[in-house]
Amino acid sequence: MTKNMEIIEEYKIFLRREYRKDHTRKNYYRFVKAFLNWIKKNKGKFYKQLTSDDTKDYKVFCQETFKVNGNVGRLNAVNNFVDKFLQRKELRITVPTSVKANKQVLSDEEIKKYKESADNPLEKLIVTYQIDAYLRPSEFYLLTISQHDIKNQILYLDDTKTGNNSVILTPNMIKAFNEYLPYRVKPKQKKDEGRLIIIDKGSHYGIAPILDSDFIYRQTKKIAAKAGFNRSIFPYLIKPSAITDSFNKKLNPIIIQRQTRHKRIETTLLYNQTNDAMTKEYYNRVQTIDIENLTPEIKAKVWLDKLLSNEIDIKTFKVGLHVLLPDKQKGDDIGYI
């Protein structure tokens with residue numbers, strides 16, 4: 001075993017001792033192993049020979065090879081290894097700030113369609129917990145029945161990525177939970193008896209899905225397919241969609257922060273993917289235009305906007321234009337409409 005392989009195994013033990021969350025341990029181990037392999041391949045060095053130039057060169061390599069947000073975790077792992085584990089602060093490198101990546105989140109109507117397409121108790125449980133509790137895929141695999149304190153409306157969570165270790169059980173979640181339990185398949189293995197989600201179909205029938213499986217991903221894709229979406233829908237799109245929808249429905253940001261378990265409100269705000277179309281729809285809904293006091297040209301523009309937003313049909317649009325612009329003769333500029 002090489003020196004780098006020996007130290008990476010010692011680092012694994014260090015991570016087990018210092019970090020409770022399995023997600024953190026796995027990522028740090030994976031990223032540091034890649035770092036040491038790069039150092040050996042490109043510099044011909046072992047970990048004891050590291051210099052600040054080596055870690056800086058690795059940062060340049062990452063910046064040229066990977067996306068910014070991926071490098072946040074990748075370079076933080078290197079800093080954790082050289083600073084906290086090796087106790088060599090001089091090897092630390094600066095880490096880029098995450099860039100907010102706007103996703104084309106689901107609209108209110110699309111979220112509603114996604115929810116309505118869940119047609120059995122397991123699917124309804126998954127959809128409700130995704131939308132009301134903003135659960136990550138990895139958190140579904142750790143759910144147990146005993147974590148549900150129905151009386152006090154609390155769902156306790158293990159190994160959460162950030163912040164609080166519980167969410168509020170909403171009435172919809174309690175309903176989905178109670179409807180799922182009688183439907184839940186009897187576990188084949190004793191170790192799965194307390195687990196909430198048990199696979200109900202296929203070759204893994206009666207077994208609880210494991211953390212590294214794609215069970216929640218596949219369930220999400222299946223529900224989305226039934227909803228008839230013509231674009232890719234996946235679990236990590238549902239979460240920002242649900243959070244954005246909550247913001248658009250004027251839910252108190254502190255309530256959203258509490259349910260997402262974020263320590264800082266700034267983290268919650270990063271998930272708000274409200275776009276121009278949503279902003280325009282909001283103002284058009286809450287504000288009305290006094291069309292009587294507008295010039296004929298502006299009236300015609302308002303009328304065109306109504307056509308483009310499907311508020312009126314083409315026939316109504318043509319008739320309205322002749323009323324708004326009486327000086328225009330039939331066959332003039334609007335004749336092609």
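For the stretch 108-274, the square roots a ≥ b ≥ c of the C-alpha gyration tensor eigenvalues yield an a/c of 1.5 or more together with a/b not exceeding b/c, which makes the shape oblate.
Working from Cα pairs under 8 Å separated by at least six residues, relative contact order for the chain is 14 percent. Maximal additional length on extending the ASP214-LYS249 stretch stands at 9.5 nm, based on 0.36 nm per residue less the C-alpha distance. Once you've got the Cα coordinates, tell me which of LYS33/LYS59; LYS124/LYS239; LYS188/LYS222; LYS3/LYS48; LYS59/LYS84 are over 20 Å apart. Flagged as over cut-off: LYS188/LYS222. Summary value for the stretch 3-91: 33 percent relative contact order, contacts being C-alpha pairs under 8 angstrom separated by 6+ residues. Using a Gaussian network for the chain with springs between C-alpha atoms less than 10 Å apart, which of these wobbles most: ASP245, ASP53, ASP158? Most flexible of the set in this elastic network: ASP53. Name the most mobile residue of ILE255, ILE298, ILE168, meaning the one with the largest mean-square fluctuation, in a Gaussian network model of the chain with Cα contacts below 10 Å. Ranking ILE255, ILE298, ILE168 by mean-square fluctuation puts ILE298 first.
In sequence order, the stretch 39-49 has phi-based couplings of 4, 5, 6, 9, 10, x, 10, 9, 4, 6, 9 Hz under the Karplus curve 6.51 cos²θ - 1.76 cosθ + 1.60, θ = phi - 60°, and Gly or Pro positions carry x.
In this calculation the C-beta distance from ARG20 to LEU308 is compared with R0 = 41 Å, giving a FRET efficiency of 0.15. Shape call for the stretch 227-271 from the C-alpha gyration tensor, a ≥ b ≥ c root eigenvalues: rounded (a/c under 1.5), prolate (a/b greater than b/c) or oblate? Note, shape of the stretch 227-271 comes out prolate. Which of the aspartates and glutamates could a cross-linker span from LYS318 if the Cα-Cα distance has to be under 20 Å and same-chain partners fewer than 8 positions apart are dropped? Of all the aspartates and glutamates, those that pass the test against LYS318 - Cα under 20 Å, at least 8 places apart if same chain - are GLU292, GLU297, ASP305, ASP327, ASP332, ASP333. Between LEU270 and LYS84, the modelled label-to-label distance comes to 1.7 nm, taking each label 7 Å out from Cα in the direction of the beta carbon. Here the simple spin-label model places points 7 Å from the Cα toward Cβ, and for ALA34 and THR51 these points are separated by 2.6 nm. Semi-axes of the equivalent ellipsoid of the chain are 49, 31, 18 Å, computed as sqrt(5λ) over the eigenvalues of the C-alpha gyration tensor in descending order. Where a ≥ b ≥ c are the square roots of the eigenvalues of the C-alpha gyration tensor, would you call the stretch 51-159 rounded, which needs a/c under 1.5, or, failing that, prolate if a/b is larger than b/c, or oblate? Note, shape of the stretch 51-159 comes out oblate.
Computed over the chain with a Gaussian network model linking Cα atoms closer than 10 Å, the most mobile of ARG261, ARG20, ARG231 is ARG231.
Coordinate-derived values only; no laboratory data. Given the structure is predicted, the values throughout are model-derived calculations rather than measurements. Glycine gets a Cβ as well: all are built from the backbone with ideal geometry, and neighbour counts include every protein chain shown.
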